[in-house]
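Nothing in this text is a laboratory measurement; each read-out follows from the coordinates by a stated rule. A quick note: this is a predicted structure, and the numbers were derived from the prediction, not measured. Ideal geometry is used to build each Cβ from the backbone, glycine not excepted, and the neighbour counts take in all protein chains shown.
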Number of protein chains: 2
Amino acid sequence: MTERTESVSTVGIIGLGLMGKPMCLNLLKSGFSVYAHNRSQGKCREVEREGAVTPGSARAMAERVEVVITMLPDTPDVERVVLGEGEVLDALRPGSVLIDMSTISPDFTRELAGRCREKDIAMLDAPVTGGDVGAINGTLSIMVGGESGVVERCRPVFDALGSTVTHVGPVGTGQVVKLANQIVGVGNLLAMSEGLLFARRAGVDPVKAHRAIEGGAAGSWLFTHRGPQILTEDWQPGFTVALQQKDVRLALEAADKCGAPLLGTHLVYSLYQALLNRDLGQDGNHALIKALEYLSGDRS
Amino acid sequence: MTERTESVSTVGIIGLGLMGKPMCLNLLKSGFSVYAHNRSQGKCREVEREGAVTPGSARAMAERVEVVITMLPDTPDVERVVLGEGEVLDALRPGSVLIDMSTISPDFTRELAGRCREKDIAMLDAPVTGGDVGAINGTLSIMVGGESGVVERCRPVFDALGSTVTHVGPVGTGQVVKLANQIVGVGNLLAMSEGLLFARRAGVDPVKAHRAIEGGAAGSWLFTHRGPQILTEDWQPGFTVALQQKDVRLALEAADKCGAPLLGTHLVYSLYQALLNRDLGQDGNHALIKALEYLSGDRS
């Protein structure tokens, strides 16, 4: 492995969606030379106006930077851009770093890291939590897997994007921790949905129930932040049902491989499936309660 | 209904267990004349030394006080003490108040309130959260169901016992909200168990996974307070599996009556059953993860 200790100054980012675009802007604000690429060109024009260079293809971008960040929806997207038609791996110079900040398969992540290693390219998996608000404010929580030296070299990049950076182990472990996070999160959403539905059906004002429960031992971040949205039937997404379901699918696939019996998470998966069957993929993930309402007859 | 507006000065408490005894001591500290009763006499001697009067029977106690608090394990215990051999309802004077602070059936609570009303006795259901620590420090969260005037009259009593008093609706609703709280709590415990088990089996240091998840959107009170106990295999109870299972049973019974489909809560009930089958009823409720470990083969 080529030793690189100088600090990173040129960064590329592929994927200018809800998360990637504000991350691109925060890299610019922190003084990096930023190269950006996105399939739809409109987003490229938006970040160009703020100072990003958009070479027109992922390959052309990868040729010019020390670090490439991918921020894409799912495993096949990363595969296509890095190994497939995007030709990023082919274009990256030895000694450069690929940081995948998408939420994708831990197994594919390890496979991709192996392919990078063959070309003397380091890889980190660095999925995030904190949503679009965290991306905009630069307060993402970033879970990083990879070699310590590479993590340290890339720390200025992470510091531009997030407020909490946790190095959780070797490559692939960032994705594992992110999926564990999603398992806990959807379980908390199911718990909240059942509690609030029960209170309402048992004749209690759910607003009063929410207030009484929130500050105690059953409280959670999601109960505080998504509970009030449920009470007012505000289904605006912090994170959509469609993306949440994608993450639960990744978690169940990974759990299957390591033999973890995720009874509750399987249940949540089936309930989100019910929402997708009714074209509710763009609702927020707290719309999970609607699946229970179909069962209780409170929603048709 | 007899109008009573003078402030309460004499209070009786029945049940001097892990919760009832420290509650009795806090009533004494707040200056009430406290009468106490407990089936086992040892506990009576302990509170006598602190200034409580122990008339020797629930009936003798109920004859002398304005307010009787019951703090007992389950519905049949309250029934036995108030309507059965304890003869509390028979002994209470018109205009007095029965406050049941146990966690019991909402339906039985309403039935009991009806029986009280016939004798011009007011009733409040006022279950608590906060555990033995909350009982000792007088920082319980109290969910009260009943008439506003009665709640106000008893407020000095509640203020001696808790830091948060929420009047959630008519009689019975305190129990409904408490059960909703338990539904959310056990769901959060299952979510945490699945997330931590997955991380460990997928090869990640669960301590690092816990640290990375705790402060984000999947965080919860139980993740923060019980997660570290799971990581160190400390099964000391904040709340026992046996009592937790009793509360989940009450929740499922009440959900059955009002038609709330609690898929996740049913699952948790079966998993706690597995722990009871292995004589783990005195473990803390976070031992729920052990049930998943039996399934994964990580525990024999």
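Amide hydrogen proximity for A:Gly219: with H placed 1.01 Å from N in the peptide plane, the residues at 5 or more positions away or on another chain lying under 5 Å are B:Trp221. Each Lys and Arg Cβ is given +1 and each Asp and Glu Cβ -1; about its Cα centre, the stretch A:225-300 then shows a dipole of about 140 debye. Comparing B:Val151, B:Ala122, B:Gly238 along the charge dipole axis of chain B, the residue lying farthest to the positive side is B:Gly238, per the Cβ-charge model. Candidate cross-link partners of A:Lys208 among the lysines, defined by an alpha-carbon separation under 22 Å and a same-chain spacing of 8 or more, comprise A:Lys290, B:Lys178, B:Lys257. For the stretch A:80-115, GluC sites (Glu not before Pro) are listed when DSSP marks them as loop and at most 10 other Cβ atoms sit within 10 Å of their Cβ; the list is A:Glu85.
Dividing the C-alpha radius of gyration of chain A by 2.2 N^0.38 Å, with N its residue count, gives 1.07.
Only helical runs count toward this figure. For chain A, summing -39,500 (n - 2.57) over DSSP H runs of n ≥ 4 and dividing by all residues gives -15500 deg cm²/dmol at 222 nm.
Using the Cα gyration tensor of the stretch A:10-169, with a ≥ b ≥ c the square roots of its eigenvalues, what is the shape: rounded (a/c below 1.5), prolate (a/b larger than b/c) or oblate (neither)? Don't jump to the answer; show the numbers that get you there.
On the way: a/c = 1.41, a/b = 1.08, b/c = 1.30.
Judged from the Cα gyration tensor, the stretch A:10-169 comes out rounded (a/c under 1.5).
Computed from backbone phi, the HN-Hα couplings of the stretch B:212-227 come to 6, 8, 3, x, x, 5, 9, x, 7, 4, 5, 4, 6, 9, 9, x Hz, rounded to whole numbers (Karplus: 6.51 cos²θ - 1.76 cosθ + 1.60, θ = phi - 60°; Gly and Pro given as x). Put simply, the Cα atoms of the protein assembly as shown extend 89, 45, 38 Å along their principal axes, the longest span coming first. Split chain B at each of the trypsin sites (Lys or Arg not before Pro) in a DSSP loop with at most 16 other beta carbon atoms within 10 Å, and the longest piece is B:120-277. Normalised by the number of residues in the stretch B:10-169, the average gap of Cα pairs under 8 Å and 6 or more apart makes the relative contact order 20 percent. Using only side-chain charges placed at the Cβ, +1 for Lys and Arg and -1 for Asp and Glu, the dipole size of the stretch A:177-296 relative to its Cα centre rounds to 120 debye. Here B:Gly149 yields copy-to-copy label distances, from shortest upward, of 8.1 nm, the label point defined as 7 Å from Cα along Cα to C-beta. Applied to the stretch B:168-177, the Karplus parametrisation 6.51 cos²θ - 1.76 cosθ + 1.60 on θ = phi - 60° returns per-residue 3J(HN,Hα) values of 9, x, x, 3, x, 6, x, 5, 4, 5 Hz, with x for Gly and Pro. For the stretch A:57-110, the Kirkwood hydrodynamic radius from C-alpha pairs, put into Stokes-Einstein at 4 °C and a viscosity of 1.567 mPa s, yields a diffusion coefficient of 117 µm² per second.
Across the identical copies, the 7 Å label point of A:Arg49, projected outward along Cα→Cβ, sits 7.7 nm from its counterparts, in ascending order. Closest approach of a chain A beta carbon to the axis mapping chain A onto chain B (residue, whole Å): A:Ser220, 2.
What GluC sites (Glu not before Pro) in the stretch A:1-74 are in a loop by DSSP, with at most 15 other Cβ atoms within 10 Å of the Cβ?
Working: sites: A:Glu3, A:Glu6, A:Glu46, A:Glu48, A:Glu50, A:Glu63, A:Glu66; in loops: A:Glu3, A:Glu6, A:Glu50, A:Glu63, A:Glu66.
Of the GluC sites (Glu not before Pro), the ones in loops of the stretch A:1-74 whose Cβ has at most 15 other Cβ atoms within 10 Å are A:Glu3, A:Glu6, A:Glu50.
Placing +1 on each Lys and Arg Cβ and -1 on each Asp and Glu Cβ, with no other charges, gives the protein assembly as shown a dipole about its Cα centre of roughly 260 debye.
Under 5 Å from the amide H of A:Leu140 lie the amide H atoms of A:Gly162, A:Ser163, each residue being 5 or more positions distant or on a separate chain, with H modelled from the backbone and absent for Pro and chain starts. Note on the stretch A:177-296: Cα convex hull, mean projected area over all directions, 7.4 nm².
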